[in-house]
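The values are calculated or read from the model by the stated rules, or taken from the named source; none is laboratory data. Owing to the predicted nature of the structure, the values given are computational and were not obtained by experimental measurement. Using ideal geometry, Cβ is built from the backbone for each residue, glycine included, and neighbour counts are taken over all protein chains shown.
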Amino acid sequence: MPAEPPIRHPIVVIPARLAATRLPDKPLAEIAGAPMIVHVWRRAVAAGIGPVVVACGDQAIADAIERAGGRAVLTDPALPTGSDRIHAALSRLDPGRLHDAVVNVQGDMPMLDPMAIRVALATLAETDADIATLAAAIADPAALHETSVNKVAAGFADPARPARALYFSKAPVPWGEGPHYEHVGLYAYRRAALDRFVTLPRGILEQRERLEQLRALEAGMSIWVSLIDPAQLGIQVDTPADLARARVLMGH
């Protein structure tokens, strides 16, 4: 297999929209004096890997980011996934295709360690991955059986090195004794891989597990995953209870 070209001009795109079933208007929820999406934008800027743009489906999100000094791009609110949203934003921002890699940072990770973003990009650069992502060891046995905790099966011969993702599931995979890993939904895509991914039909397993990343695996695309410390993730805010915890930890 020929070596992938080096990554020279990455960009970070944060997809965000107000519609959410469990926590409406989530991106604008105030934490420690600022909307959550602004905290995420600041973390992405601190990673220092390239420009940071928020791809938003609502003017109110764009206004919040621009007031904080950031850049936002409005996208069709009807787009079905974050991947579609970042692809649409990137197509508008960079029709000349200067940016050869894009990191998709979820807009509900206000405590994300900026270094985690750098790890995802480094994984993409150091492997032949189409897509790179992150995982963290599951320490709580109860979490292993929570369907809200997405798991990734990957054979880490050396935990300090990335491994190829073999499957993602809401079930506790793989079977047997040994560590299990929670998938962290942050992705680094080669530009061509993102272009291909958004044109693929939804996969059979994707629909069954309700996990978008399985679409890539079913189509033969490669996903490599690197481990991070769970503390680097912080709280992913999906529910009012998560928001309350984030407010306590971040000083209201």
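For (1) among the basic types (Lys, Arg); (2) assigned to a loop (DSSP other than H, G, I, E, B); (3) surrounded by fewer than 20 Cβ atoms within 10 Å (Cβ to Cβ), each residue gets a yes or a no:
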position	(1), (2), (3)
ALA60	no, no, yes
ASP63	no, no, yes
GLU66	no, no, yes
GLY69	no, yes, yes
VAL73	no, no, yes
PRO77	no, yes, yes
ASP84	no, no, yes
LEU90	no, no, no
PRO95	no, yes, yes
*Taking segment 109-129, which residues are surrounded by fewer than 23 Cβ atoms within 10 Å (Cβ to Cβ) and assigned to a loop (DSSP other than H, G, I, E, B)?*
MET111, ASP113, THR127, ASP128
*Any idea which residue in segment 208-243 is surrounded by the fewest Cβ atoms within 10 Å (Cβ to Cβ), counting only those that are modelled with pLDDT under 95 and in a helix (DSSP H, G or I)?*
ALA231
*Say whether the condition of being part of a loop (DSSP other than H, G, I, E, B) and of a type outside the set (Ser, Thr, Tyr) is met by at least one residue in segment 179-192.*
yes
_Restricting segment 166-178 to residues that are in a strand (DSSP E or B) and among the hydrophobic types (A, V, I, L, M, F, W, C), the residue that is nearest to ALA129 (Cα to Cα)_ = LEU166
*Test GLU30 against the stated conditions and say whether it is surrounded by fewer than 21 Cβ atoms within 10 Å (Cβ to Cβ), more than 18 Å from LEU93 (Cβ to Cβ) and outside the structural domain of LEU74 (by TED's automatic domain parsing).*
no
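Conditions tested, residue by residue: (1) closer than 21 Å to GLU209 by Cβ; (2) without any contact (Cβ under 8 Å) to a residue 24 or more places away in the chain; (3) touching a Leu at 6+ places or on another chain (Cβ under 7 Å).
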| residue | (1), (2), (3) |
| --- | --- |
| ALA142 | yes, yes, no |
| SER148 | yes, no, no |
| ASP158 | no, yes, no |
| PHE168 | yes, no, yes |
| TRP175 | yes, yes, no |
*asked:* On the basis of being assigned to a strand (DSSP E or B), in contact (Cβ under 8 Å) with a residue 40 or more places away in the chain and surrounded by 20 or more Cβ atoms within 10 Å (Cβ to Cβ), does ALA55 make the cut?
replied: yes
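From the list ARG191, ARG164, which one is charged (D, E, K, R) and touching a His at 6+ places or on another chain (Cβ under 9 Å)?
ARG191
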